[in-house]
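**Q** Attaching a single structure in structure tokens format; questions to follow.
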Amino acid sequence: MSLLQVEGLGIEFGGVRAVHDVSFAMKPGEIVSVIGPNGAGKTTLFNMISGVYLPGSGRVKLDGEDVTGMSPHLLARRGLSRTFQNLQIFQQMTVLENAIAGYHLQESGHLLADLLNLPSSRRRAQVAREGAQKLLERVGLGRAGEQEAGNLSYGALKRLEIARALALKPRVLLLDEPAAGCNAVETEEIDHLIAEVAAEGVAILLVEHDMKMVMRISNHIVVLDHGEKIAEGDPATVSRNPDVIAAYLGTQEAADADG
């Protein structure tokens, strides 16, 4: 059974069709990439799946449950988490505090205990701190916990945002351009991290413009153009699709990625 099902999703803005009738499914541990030229509707699709936008048509199912239009915080509690194309990092907070914030996003109903500084509140804080430190070590930021987040390199900030998303213990993780602005070394680090997370059974939905990375790590690729799905399949199949080559990859780039 599919963990995430996207069925005929569509949306319009001011009468302009941004995404139309897009469908695909994901299994646990699968890496699915959504690619396409600028303006193809990739981030809009992400926003509908993650509850930022209410779809005009279609449905989103998470482990068989219809979660269409459900708010992001409720989706997070059901196991769907995401990062954003533009970094959502608290620049003035420490790296560790940013990671801890991911744990707090899944908590509710503890305000009184926190205000009174009850033992249960202190225990939760300690568990969150220890968990956040382990996540930082996992993404290669274990020694940067006390640094101000704004002092990190762009690639390190990307890994920090992934760590914070992992704090929600997702079953489905949406990554919107995780390697954008990163150099080759940083991209490789993120590449390995994504593969490790997927190997643990987390389904990963990826939007990324680095075609070599996409072709290297993806199990399945969905291609959008002008808001419509024009192709899907494994990397080898997609890279040879003439519609994809015409719309996005370009003959030489497709050949390079396939090689």
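**Q** Mind checking which pairs have a first residue in region 166-185 that is among the β-branched types (Val, Ile, Thr) and a second that is crowded, with 23+ Cβ neighbours inside 10 Å, Cβ under 8 Å, 6 or more apart or different chains?
**A** If the second residue must be crowded, with 23+ Cβ neighbours inside 10 Å, the pairs left are VAL172/LEU4; VAL172/LEU80; VAL172/SER81; VAL172/ALA203; VAL172/ILE204; VAL172/LEU205.
**Q** Same structure, new question: Does any residue of region 146-160 turn out to be touching a helix residue (DSSP H, G or I) at 6+ places or on another chain (Cβ under 8 Å) and either within 27 Å of VAL60 (Cβ to Cβ) or among the β-branched types (Val, Ile, Thr) (or both)?
**A** Scanning region 146-160 turns up at least one residue that is touching a helix residue (DSSP H, G or I) at 6+ places or on another chain (Cβ under 8 Å) and either within 27 Å of VAL60 (Cβ to Cβ) or among the β-branched types (Val, Ile, Thr) (or both).
**Q** Output the qualifying pairs, or none if there are none: Cβ atoms under 8 angstrom, residues six or more apart or on different chains, first residue in region 222-247 and assigned to a strand (DSSP E or B), second residue basic (Lys, Arg).
**A** VAL222/LYS229; VAL223/LYS229; LEU224/LYS42
**Q** In region 14-22, is there at least one residue being touching a Ser or Thr at 6+ places or on another chain (Cβ under 7 Å), of a type in the set (D, E, K, R) and farther than 24 Å from LEU166 by Cβ?
**A** no
**Q** Of the numbered conditions (1) of a type outside the set (Ser, Thr, Tyr); (2) surrounded by fewer than 20 Cβ atoms within 10 Å (Cβ to Cβ); (3) touching a helix residue (DSSP H, G or I) at 6+ places or on another chain (Cβ under 6 Å); (4) not in a loop (DSSP other than H, G, I, E, B), GLU130 satisfies every one except a single condition; which is it?
**A** Unmet for GLU130, out of (1) of a type outside the set (Ser, Thr, Tyr); (2) surrounded by fewer than 20 Cβ atoms within 10 Å (Cβ to Cβ); (3) touching a helix residue (DSSP H, G or I) at 6+ places or on another chain (Cβ under 6 Å); (4) not in a loop (DSSP other than H, G, I, E, B): (3).
**Q** Exactly one condition in (1) among the small types (Gly, Ala, Ser); (2) touching a Pro at 6+ places or on another chain (Cβ under 6 Å); (3) surrounded by fewer than 23 Cβ atoms within 10 Å (Cβ to Cβ) is not met by ALA203; state its number.
**A** Of (1) among the small types (Gly, Ala, Ser); (2) touching a Pro at 6+ places or on another chain (Cβ under 6 Å); (3) surrounded by fewer than 23 Cβ atoms within 10 Å (Cβ to Cβ), only one is false for ALA203: (3).
**Q** Among the residues in region 172-187, are any of a type outside the set (D, E, K, R), under 27 Å from GLY131 (Cβ atoms) and touching a Phe, Trp or Tyr at 6+ places or on another chain (Cβ under 8 Å)?
**A** yes
**Q** Right, next: Can you name the number of the only condition in (1) among the hydrophobic types (A, V, I, L, M, F, W, C); (2) without any contact (Cβ under 8 Å) to a residue 40 or more places away in the chain; (3) closer than 19 Å to GLU161 by Cα that PHE84 fails?
**A** Every condition holds for PHE84 apart from (2).
**Q** Another one. Can you report the number of residues in region 79-94 which are surrounded by 15 or more Cβ atoms within 10 Å (Cβ to Cβ) and either of a type in the set (Gly, Ala, Ser) or in contact with a strand residue (DSSP E or B) (Cβ under 8 Å, 6 or more places away or on another chain) (or both)?
**A** Selection size over region 79-94: 8.
**Q** Tell me, which strands (runs of 3 or more DSSP E) wholly within region 1-103 include 3 or more residues that are among the hydrophobic types (A, V, I, L, M, F, W, C) and either within 21 Å of GLY201 (Cβ to Cβ) or at pLDDT 95 or above (or both)?
**A** 4-13, 16-26, 31-35
**Q** Shifting gears a bit: Can you pull out the residues in region 156-195 that are of a type outside the set (A, V, I, L, M, F, W, C), surrounded by fewer than 22 Cβ atoms within 10 Å (Cβ to Cβ) and more than 23 Å from VAL127 (Cβ to Cβ)?
**A** Result: ASP176, GLU177, GLY181, ASN183, GLU186, THR187, GLU188, GLU189, ASP191, HIS192.
**Q** Given GLU137, GLU200, GLU189, which one is over 14 Å from the mean Cα position of the chain (by Cα) and without any contact (Cβ under 8 Å) to a residue 40 or more places away in the chain?
**A** Result: GLU137 is the single residue among GLU137, GLU200, GLU189 that is over 14 Å from the mean Cα position of the chain (by Cα) and without any contact (Cβ under 8 Å) to a residue 40 or more places away in the chain.
**Q** Can you tell me which residue is nearest to VAL207 (Cα to Cα) among those in region 140-155 that are aliphatic (A, V, I, L, M) and surrounded by fewer than 22 Cβ atoms within 10 Å (Cβ to Cβ)?
**A** LEU152
**Q** Examine region 235-248 for a residue that is surrounded by fewer than 21 Cβ atoms within 10 Å (Cβ to Cβ), at pLDDT below 90, more than 15 Å from the chain's Cα centre (by Cα) and of a type in the set (Val, Ile, Thr), and state whether such a residue exists.
**A** Checking region 235-248: at least one residue is surrounded by fewer than 21 Cβ atoms within 10 Å (Cβ to Cβ), at pLDDT below 90, more than 15 Å from the chain's Cα centre (by Cα) and of a type in the set (Val, Ile, Thr).
**Q** Restricted to region 144-186, and to residues that are part of a loop (DSSP other than H, G, I, E, B) and among the basic types (Lys, Arg), which residue is nearest to the chain's Cα centre (by Cα)?
**A** ARG171
The values are calculated or read from the model by the stated rules, or taken from the named source; none is laboratory data. All values reported here derive from a predicted model rather than from experimental measurement. Every residue, glycine as well, gets a Cβ built from its backbone with ideal geometry; the counts of neighbours run over all protein chains shown.
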